Amino acid sequence: MEACSGVKGTMSYLTLLAMFGFLVGLVLAFPALHCQDFSGISLGTGDLHIFHLVTMAHIIQILLTSCAEANGMDQETPAGEEELAVLALYKTLRQCTGSVLKEVSSGWHLWRSVRAGITPFLKCSALFFHYLSGVPAPPEIQVSGTRHFEHLCNYLSLPSNLISLFQENSEITKVLIESWCQNSEVKRYLNGERDAISYPRESNKLIGLPEDYSSLINQASNFSCPKSGGDKSRAPTLCLVCGALLCSQSYCCQTELEGEDVGACTAHTYSCGSGVGIFLRVRECQVLFLAGKTKGCFYSPPYLDDYGETDQGLRRGNPLHLCKERFKKIQKLWHQHSITEEIGHAQEANQTLVGVDWQHL
């Protein structure tokens, strides 16, 4: 804890940010600071102190932003060490925030919230330290079970009762908690002036698609080109990331981007997906992948007919229904940032795609 005392002031304004990203930055930056006097603390010990500190901050983050369920469910077993410790910590938080937090009598609900909220952070941390240190993870950590949380903590050199981290240096811990609770952004959240954050946070998802493809066709038929005075768009294209309908492959909606005229979809990727986009060309029943201004490919749509076949171009005219497995595959490519890689594979297999003016779409 003493080795990380220099960052406690920095932590005060990061209470509502992604703690795993902050952990990675601190750990990777620590070797550059190691030349300073840290009283002989090794790099490995410094990383452990940093990890403990960020874990504590994340626990406070979860308790501040995740409401314990006061649904009348009674605790069936006597309060254990974890429940009593987290209840005491929560009471300290209520004192530091001026009793703005709701009063909770059950430490069981609080401990359940902490465990559920911090497990994704611990999983990411286990992967990070595995590749950073080369220490193999035990086989038990890869199998979900009743003791999965304990195995994670053991691999990361954490006590299974995470609240005991706050008891090791009580005076420093109290100063940290007070500084985090007095942060202006935390006060804004507690006063209801900013949106709530709950942990664990849900993964981003592509938009929901209707089961029947005719619903999309009806939606697209009512879409008018925003720059042609109310005329119907000839190439309505749906962004699968945000749900926006665009007029693509048409000069009417071209805009200038970095000194070059580009189509509506290409321009939209820079505002919606940092240059990468996933679109559904509604009248062609075709998925479009774009990466930058010059790379793109067409991908099989997630809609199939009764024979299990796609109908790109809607030539056969058979009723189409959503295939959830195909849509999950597209979503997986997006989650894994593999859209650019998929475009590269498609262009290697089909050289004609290289010559397509993707920037005009």
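For the reader, a short list of remarks on this structure follows.
- Filtering Gly98, Gly134, Gly80, Gly107 for residues that are open to solvent by 40 Å² or more (accessible area, probe 1.4 Å), more than 26 Å from the chain's Cα centre (by Cα) and without any contact (Cβ under 8 Å) to a residue 60 or more places away in the chain leaves a single hit, Gly98.
- Arg147 among the basic types (Lys, Arg) and over 19 Å from Gln167 (Cα atoms): yes
- Subset of the stretch 240-249 [part of a strand (DSSP E or B) and either surrounded by fewer than 23 Cβ atoms within 10 Å (Cβ to Cβ) or in contact with a Lys or Arg (Cβ under 6 Å, 6 or more places away or on another chain) (or both)]: Leu245
- Inside the stretch 190-224, residues that are at pLDDT below 75 and not polar (S, T, N, Q) make up a count of 11.
- Hey, Trp180 assigned to a helix (DSSP H, G or I) and open to solvent by 60 Å² or more (accessible area, probe 1.4 Å) or not: no
- Taking every residue in the stretch 204-217 that is more than 14 Å from Gly243 (Cα to Cα) and open to solvent by 40 Å² or more (accessible area, probe 1.4 Å) and pairing it with any residue that is at pLDDT 90 or above and aliphatic (A, V, I, L, M), at least 6 positions away or on another chain, the pairs with Cβ-Cβ distances below 6 Å are Glu211/Leu322.
- Applying the condition of being of a type outside the set (Phe, Trp, Tyr) and open to solvent by less than 70 Å² (accessible area, probe 1.4 Å) to the stretch 162-174 and asking which residue is modelled with the lowest pLDDT yields Asn169.
- Of all residues in the stretch 13-47 being hydroxyl-bearing (Ser, Thr, Tyr) and exposed (fewer than 12 other Cβ atoms within 10 Å of the Cβ), the one that is modelled with the highest pLDDT: Ser42
- Residue match in the stretch 320-336 (condition: of a type outside the set (Val, Ile, Thr), in contact (Cβ under 8 Å) with a residue 24 or more places away in the chain and farther than 18 Å from Ile207 by Cβ): no
- Among the strands (runs of 3 or more DSSP E) confined to the stretch 261-361, the ones with at least 1 residues that are open to solvent by less than 40 Å² (accessible area, probe 1.4 Å) and in contact with a Lys or Arg (Cβ under 9 Å, 6 or more places away or on another chain) are located at 286-291.
The values are calculated or read from the model by the stated rules, or taken from the named source; none is laboratory data. It should be emphasised that the depicted structure is a prediction, and the values quoted were computed from it without experimental measurement. Please note: Cβ atoms are built from the backbone with ideal geometry, for glycine as well, and neighbour counts cover all protein chains shown. Quick note on the areas: whole protein, heavy atoms, side chains included, nothing else; ligands and nucleic acids left out. Shrake-Rupley method; radii C 1.70, N 1.55, O 1.52, S 1.80 Å.
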